[in-house]
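Quick notes on the structure that follows.
Rule-based calculations on the coordinates, nothing more; no lab input. All values reported here derive from a predicted model rather than from experimental measurement. Note that we place each Cβ from the backbone using ideal geometry, even for glycine, and neighbour counts take in every protein chain shown.
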Amino acid sequence: YKNNIYISGSSGFIGSNLVRHLNSKNFKKLKLISLKKKKKFNKLQKKLDLLIHLSEESNRNKVNKLGLEYCKENELKVLNLTNRFKKIIYLSSSSVYGYSGTKPYCESAQVFEKDLYNKNKLNIEKLILKNNGIVLRLSNVLGKKMNNKTIIGDIIKQF
């Protein structure tokens, strides 16, 4: 890829591992951004090339406690990003498929808005796809320094 790649959420578990990997491949046009510094993006006249969007609360219980206010703020943030970038890759969650299947899911499988966490993920996915973006639904991401407040983290602690 010849153009700049911007990464939001680069200090999180997935983001920091992605940055480490791209740096190990000597990728020179990597830009780490903080979405808290919105003024910087509001001054831009042209659209930037590519954003890998990872900047979102990953704790399901916390999102559900934060409520609709968090979801609305998150949607506005993403809507603003779609106006600033030509292409966005959004990392969502396979939890939108539910947990009752016994076979691997495909992207056309039924999704469920069972709680605010899933509803938020699905709403952001719609915004991204509507604006020519790409959605990746990740499942059970493991590694060093991962969030231990997950089901997988709990299982690892039991070992």
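Evaluated at q = 0.14, 0.15, 0.16, 0.17 Å⁻¹, a Debye calculation over the C-alpha positions of the range 49-159 (equal weights, vacuum) places log10 I(q)/I(0) at -0.62, -0.71, -0.80, -0.90.
Peptides 122-130, 51-59 ranked from most to least packed by the mean count of surrounding Cβ atoms within 10 Å: 51-59, 122-130. Within the shell defined by Cβ-Cβ distances under 10 Å, the residues around residue 22 carry a net charge of +4, with Lys and Arg each +1 and Asp and Glu each -1.
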